[in-house]
1. Report, by residue number, each residue of region A:148-174 that is touching a residue at least 60 places away in the same chain (Cβ under 8 Å), buried (at least 22 other Cβ atoms within 10 Å of the Cβ) and within 13 Å of the ligand (Cβ to nearest atom).
2. Going by what's in this entry, would B:VAL30 be described as at pLDDT below 95, in a helix (DSSP H, G or I) and more than 19 Å from the chain's Cα centre (by Cα)?
3. Please work out if B:PHE231 is within 24 Å of B:LEU151 (Cα to Cα), in contact with a Ser or Thr (Cβ under 6 Å, 6 or more places away or on another chain) and surrounded by 14 or more Cβ atoms within 10 Å (Cβ to Cβ).
4. When residues of region A:8-55 are filtered for being out of contact with any Phe, Trp or Tyr (no Cβ under 9 Å at 6 or more places or on another chain) and within 16 Å of the ligand (Cβ to nearest atom), how many remain?
5. Taking the conditions exactly as written (within 14 Å of another protein chain (Cβ to nearest Cβ), in contact with a Phe, Trp or Tyr (Cβ under 9 Å, 6 or more places away or on another chain) and of a type in the set (Lys, Arg)), does B:ARG245 satisfy them or not?
6. When you scan region A:364-380, do you find a residue that is of a type in the set (Gly, Ala, Ser) and either under 30 Å from B:PRO113 (Cα atoms) or within 16 Å of the ligand (Cβ to nearest atom) (or both), even just one?
7. Working carefully through the options B:ASP303, B:ASP295, B:ASP234, find the one that is within 21 Å of B:VAL201 (Cα to Cα) and charged (D, E, K, R).
8. When you go through A:HIS409, A:HIS383, A:HIS428, A:HIS371 one by one, which is the residue that is buried (at least 22 other Cβ atoms within 10 Å of the Cβ), farther than 22 Å from A:GLY70 by Cα and not basic (Lys, Arg)?
Amino acid sequence: MRIRIAGARVLGGQAQDIEIADGRLAEPGSAGRPDLTVDADGLIALPGLVDMHVHLREPGREDAETVETGSRAAARGGFTAVLAMANTQPTADTAGVVEQVWRLGRESGWTQVQPIGAVTAGLEGTRLAELGAMARSAAGVRIFSDDGHCVSDPLLMRRALEYVKGFDGMIAQHAQEPRLTEGAQMNEGVVSAELGLPGWPAAAEEAIIARDVLLAQHVGARLHICHVSTAGSVEIIRWAKSRGARITAEVTPHHLILTDDLVRSYDPVYKVNPPLRTAEDAAALRQAVLDGTIDVIATDHAPHPAEHKCCEWTAAAMGMVGMETALAVVRLAMREEEGFGWDQVARLMSRNPARIAGLPGQGHGFEPGAHANIVLVDPGAPHTIDPADSASLGRNNPFAGTEVDTAVHSTFLYGHPVVLDGELQAPHPASKEDTWPL
Amino acid sequence: MALTSLLSASDLDRRTAVELLDLAEEMATVAGREVKKLPALRGRTVVNLFFEDSTRTRISFEAAAKRLSADVINFAAKGSSVSKGESLQDTAQTLAAMGVDGVVVRHPGSGAPHRLAQAGWLEAPIINAGDGTHEHPTQALLDAFTLRRVLHGEPASGAAGTGADGKDLAGATVMIVGDVLHSRVARSNVRTLHTLGASVVLVAPATLLPWGVESWPCQVRYDLDEAIAEFAPDAVMMLRIQLERMHQAFFPNAREYTRLWGLSAARLHALPADAWVMHPGPMNRGVEISAAAADSPRALVLDQVANGVAVRMATLYHLLTGEDSH
Ligand SMILES: [Zn+2]
């Protein structure tokens, strides 16, 4: 398929034409007569976004999300690759389960689905999962995480960090000291004191990060910190990077902008783990995004069926959906921050996560020959976020009613338009075939 | 301030709180009559929606509603609503369909009454009868009512029927001692006592004070003996301590807790001679309160129970009729 994207501002620069032939970028003018021309006047072209942290719920909780619905949501959000967390039922802790998720992703064909494997069997934190088998499986797992749970046993964490070095793997830690957060319902602070909800202290995240950056540096391993949420965590990561530790870190869009004041409503749509923190924490996270301390913005997309949110706060499930509104929310969160342009969006939401996750076809530049994973963004599309307008099965979007001005216009997955003019088109026709580039 | 629900003590400004206390004085006179009943809520239905057992509180609300001639439905739901397969939303919408006029909610989870009142599932006024470790506003009102009576005389309202405002608690110092962290009574009392002009002092081991307590409108001390000497309180309110807490390292053991934070006979004597002793019940005699204190003539524990009915009558009347008094 030959596609001409006419007049797109690549990374927000001057308008230019982009040509795609057979899934790759081509020299402008070389593609001949295109099968499809997309008028990109006023649109920004970015490398396809990569979401390092999503919960697709399949297998096990297909009432919450499936690989198919989550992949559609990813495409609508401009994501050409997503990394699916391992806390499914059964847990993605064997080659069989990660291959199942990987195969479901290929069968869907709306985005590239790369499974993350569990660190410990059943996420129980007691013995290692079959890390090598998952790495050598067809899914080619490189990132391992017990996300939803912390690998809290320090010795097990050390062993996991060391073991995965053998296949260039990496541990992604959900940093939450379990004893310090027993029964925790929200950020521990003046709001939790007033609301009488058990607190989740910042120190419970920071203590694990501090321990793990020391361990990772000691054994010379790669470590990724999921959903950093506190100012103190930022300080520790900054310090660890200054010492040369191989640390990367991610933040969610919601932690950049939402704060624990919202919990005063007791509306469970704001219940998430790690919890919404203070305005000072959010400001520190935005600064860390700007100065490179934080490498990645990832959604932690966590759909839940309505009955898990239409209840009292203390009984509600933790998590928020995020893939379809991530780009708009990031732009909203960072609107006051100088120096956060389109190239920064590409760095934090495409290039860095693609590099960290080891996805060679993703997060590329716009030079001819590169895989054509591209998103076109309309920066002047004011609209109100409506959770019902969603391909995800989850409606637990805390940004319902929020006015934003950025919309995903089109998403090209390995040269195929999966979204055009905001509408889902068709999955990649070759995604099931062995010839697909993945 | 027109209240639509009573979810938190912070829903009450000084004027509304005093009005409710004055109204409760009027309601208290009903208890002294031969026929202990007013026709005010005849034909109205009040639901006691209890997700957590509390016979004392339920009976108090039930008596209050019945003395106002309301029909009372007791609805006991155990455990978390999700685990029993019926959501809070379904429960609320069922009550709305039944056309109830007021809902008294007790719930083990903080914020459940807020959710019921604010999610748009039902219109009826909601009264928080204790939610998790959050608030118990009618308990704070009955404590304030009890204090106002002993400090200002009985009735403590303006001359009955004149509409004159009753007194508040300005100038009084109230010490709240014990497990503030897990206490909905303490949260509501700090707010209500402050609203009514009293000075509040919290005394507890730091483990049993919430992080951020310094943002509350009160003073905080760790040492009970020093605090008694420093503040010479007009009343001390002893909070119930759950002995399971020692297994979570909030304090070493019951003996040490009692020695440092219990209201012993010696501490009772160290208090000013006219200081009052309060406890929201049920008491752990010999733990947070000695028999000497619990049974002393300064103890208001039974007054608190008796006044609970009048205060809850006033709250129901105010919320269901939208009026301050007859
Ligand atoms: Zn997590």
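1. Passing the criteria: only A:ALA172.
2. Yes.
3. In short, yes.
4. The number of residues fulfilling the criteria is 3.
5. yes
6. No, the conditions are met nowhere in region A:364-380.
7. B:ASP234
8. On inspection, the qualifying residue turns out to be A:HIS371.
The values are calculated or read from the model by the stated rules, or taken from the named source; none is laboratory data. It should be emphasised that the depicted structure is a prediction, and the values quoted were computed from it without experimental measurement. Glycine also receives a Cβ, built like all others from the backbone with ideal geometry; neighbour counts cover every protein chain displayed.
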